[in-house]
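Colleague: Before I ask anything, let me first share the structure, which is written out below as structure tokens.
The values are calculated or read from the model by the stated rules, or taken from the named source; none is laboratory data. Computed from a prediction, not measured in an experiment: that's the story for all the values here. Here Cβ is always computed from backbone atoms with ideal geometry, including for glycine, and neighbour counts include all displayed protein chains. In case anyone asks, the SASA skips ligands and DNA or RNA and just uses the protein heavy atoms, side chains included. Shrake-Rupley method; radii C 1.70, N 1.55, O 1.52, S 1.80 Å.
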Amino acid sequence: MKIVVCVKHVPDIQSDRSLGPDGRVVRDGGDGTLNELDENAVEAALVLAAAAGESEVVALTVGPAEAADAVRRALQMGADGAVHVLDDAVAGSDVFGTTAVLAAAVRHLDAQGHVDLVLTGMAALDGLTSLLPAALAAELDLPQLTMVAEVAVEDAVVRVRRELDSASEELTAPLPALVSVTDQANSPRYPNFKGIMAARAKPVTVLGLADLGVDPATVGAAGSRTRIVEAAPRPPREDRVLITDDGTAGTQLARYLVDRKLV
């Protein structure tokens, strides 16, 4: 079984972030990391591969040079190989442009050996749109099982469990298929020293848009269906009420809530 895991290099959510003149998040590579929710997808792929026996897990990312750190982390966790789509024309892509590039890369990998399953995290922590998994499934014309908390593969069928607010769904789809997992799906392993050293010998294939047959005019800022008209940091709040607890803080809080009809 061949599993492709889509991963993303994102700014550290604990770091200070800024916006460039184009309104996009500045990605200087100094504080980037593998998207935390994608670690769940990598872990799910590794568990499925181990259960299937003879399998291959390939980490796939799209982004600038520093995005290679994302797939290298996946390699340290245990992925067998990695693909990094690196092309300046991709910069500024919206979800549709990114989807087109990822889909082309998956097809490229499929031509080298049938891809049975595409796995993603449920969202990227820099955008939090959760749009890409469904868009990628549509672009690849694959069944999509999204936001799942448990996944298994048996007899060329993927079985998942999805937790809703008031129900639990169990769904199946024939392979090949696309699955996005939530942070409830597993606890990602931490790379050990052996895995870190082994990752150094594992291949990271770098591809450009020309290798994938993607027209640069259809992706990046030029092909984006969205435009950033204006962007600015969130202004500081000016309506805060600070209370020094002198023993009456509870009473003051209750009065505040009652006066504003919040209780």
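Colleague: Having 2 or more residues that are free of Cβ contacts under 8 Å to residues at least 12 places away in the same chain is the bar; report the helices (runs of 4 or more DSSP H) wholly within the range 132-224 that clear it.
Modeller: Answer list for the range 132-224: 193-199.
Colleague: Being assigned to a loop (DSSP other than H, G, I, E, B) and at pLDDT 95 or above is the filter here; which residues of the range 115-130 pass it?
Modeller: Selection gives Val115, Asp116.
Colleague: Sort out which residues of the range 175-185 are modelled with pLDDT of 95 or more and open to solvent by 20 Å² or more (accessible area, probe 1.4 Å), and write them in order of number.
Modeller: Leu175, Pro176
Colleague: Return the residues of the range 230-263 that are among the acidic types (Asp, Glu), open to solvent by 100 Å² or more (accessible area, probe 1.4 Å) and free of Cβ contacts under 8 Å to residues at least 60 places away in the same chain; say none if nothing qualifies.
Modeller: Glu238, Asp245, Asp246, Asp259
Colleague: When the residues of the range 186-213 are narrowed to those that are hydrophobic (A, V, I, L, M, F, W, C) and over 24 Å from Leu132 (Cα atoms), which ends up surrounded by the most Cβ atoms within 10 Å (Cβ to Cβ)?
Modeller: It comes out as Ala199.
Colleague: Mind counting the residues in the range 94-112 that are charged (D, E, K, R) and either open to solvent by less than 10 Å² (accessible area, probe 1.4 Å) or over 19 Å from Met1 (Cα atoms) (or both)?
Modeller: Number of matching residues: 1.
Colleague: So which residues in the range 131-154 are under 24 Å from Val47 (Cα atoms), charged (D, E, K, R) and modelled with pLDDT of 95 or more, if there are any at all?
Modeller: Selection gives Glu150 alone.
Colleague: Further question: Residue under question is Ala41, and the condition is that it be out of contact with any Lys or Arg (no Cβ under 9 Å at 6 or more places or on another chain), small (Gly, Ala, Ser) and either more than 19 Å from Gly220 (Cα to Cα) or in contact (Cβ under 8 Å) with a residue 40 or more places away in the chain (or both); does it hold?
Modeller: Taking the combined requirement at face value, the residue satisfies it.
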